[in-house]
Amino acid sequence: MYRLNIDRLPSSNFAGRVRQIPGRWTHRGVCQDVDILVIMLDGECLFEFTDDNRRIKLCKGEALLIPAKHFYKGSCRVDCEYYFFHMSPSLTPADKDEVSDKIKRRQTSPIPDRTSYYQHEDAVYDCLYFHEVTEITPIMKPLLTLLSKCDIELAKSDVNHMLRFNIYLYQILAQISEEALRGFTLQPVYPASLDRILAYIYEHYTEPITLESLSTRFGLSKQYIIRLFRKNLGVTATRFINDLKLSHAPELLVSSTLNVNEVASHLGFSSASYFSRLFRAKYSVSPTNFI
């Protein structure tokens, strides 16, 4: 595993989407002075590390971290597309005992009184941890949204846009790290009825889902569902559903051929105006201006 210190914001001065075609992605190898993050969006490719004769086949829905000063070659036998970031070098090796100890401290660290200032004597959120290769299929949709935002900021060159770009990069790293540590962390335990509702919502979020339809489908009262969401998730069912729909809206607006009305319909909103109002409230910009 690797450790990434986060005492300062991770930064990248070279990033983007790349599509490779078999036979055209060949080189004798490269050794970079930066850490490299590769997110495989489609297809698969092969990375060969000549330092220790390792070969890693990176497939769609996986992320690879290459520390600085590692000599490697890349190639593909099928069309592939990936997103890459060259990051300021700060990755260092970490063993599983260290990770387990850090996670245990995070889980047992006392939560400050909500009425007081937030301060911990011993900061335990000072680094992120990663596998060399992390399976990220479960979080691909939110990652695609963040990657689309990176594309938008990369199109500009001023300081403010690059700052936002690096903030999105940090969010991407944080989500990948969370996924890498899933085997170490305690998972929240929800009531079985809420688990079934959430599974249904995640599978059918592009359909019109209302409190009434959930009540009918699962044979539960609307008031009980309201209490389930408020007690366990801290939001209403309607807010949770709309936020899930809206989290996928930026990727559809930027990377698909759908217009605003079609995106609203695809995500199961009752009208384009309702979708636009919620989108503006969440992202502080209209869908049209976001595009």
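The values are calculated or read from the model by the stated rules, or taken from the named source; none is laboratory data. These figures come from a predicted structure and were not determined experimentally. Cβ: placed from backbone, ideal geometry, glycine included. Neighbour counts: every protein chain shown. What goes into the accessible areas is simple: the full protein's heavy atoms, side chains included, and nothing from ligands, DNA or RNA. Shrake-Rupley method; radii C 1.70, N 1.55, O 1.52, S 1.80 Å.
Starting from residues that are surrounded by 14 or more Cβ atoms within 10 Å (Cβ to Cβ) and part of a loop (DSSP other than H, G, I, E, B), keep the ones in the stretch 18-53 and report whichever is nearest to the chain's Cα centre (by Cα).
43
Scanning the stretch 61-84 for residues that are over 23 Å from the mean Cα position of the chain (by Cα) and of a type in the set (Ser, Thr, Tyr), which turns out surrounded by the fewest Cβ atoms within 10 Å (Cβ to Cβ)?
Checking each candidate, the answer is 75.
Would the stretch 19-28 turn up any residue that is within 14 Å of residue 83 (Cα to Cα), out of contact with any His (no Cβ under 6 Å at 6 or more places or on another chain) and not polar (S, T, N, Q)?
Yes, that holds for at least one residue.
Would you check which residues across the stretch 145-164 are within 14 Å of the chain's Cα centre (by Cα) and either over 13 Å from residue 37 (Cβ atoms) or open to solvent by 30 Å² or more (accessible area, probe 1.4 Å) (or both) and list them?
Across the stretch 145-164, the qualifying residues are 145, 148, 149.
If a residue must be closer than 13 Å to residue 232 by Cα and of a type in the set (S, T, N, Q), how many such residues does the stretch 192-209 contain?
Going through the stretch 192-209 one residue at a time, the tally reaches 1.
In the stretch 54-75, how many residues are touching a residue at least 40 places away in the same chain (Cβ under 8 Å) and in a strand (DSSP E or B)?
Going through the stretch 54-75 one residue at a time, the tally reaches 11.
Checking residue 15 against (1) in a strand (DSSP E or B); (2) free of Cβ contacts under 8 Å to residues at least 60 places away in the same chain, which single condition isn't satisfied?
Checking residue 15 against (1) in a strand (DSSP E or B); (2) free of Cβ contacts under 8 Å to residues at least 60 places away in the same chain, the one that fails is (2).
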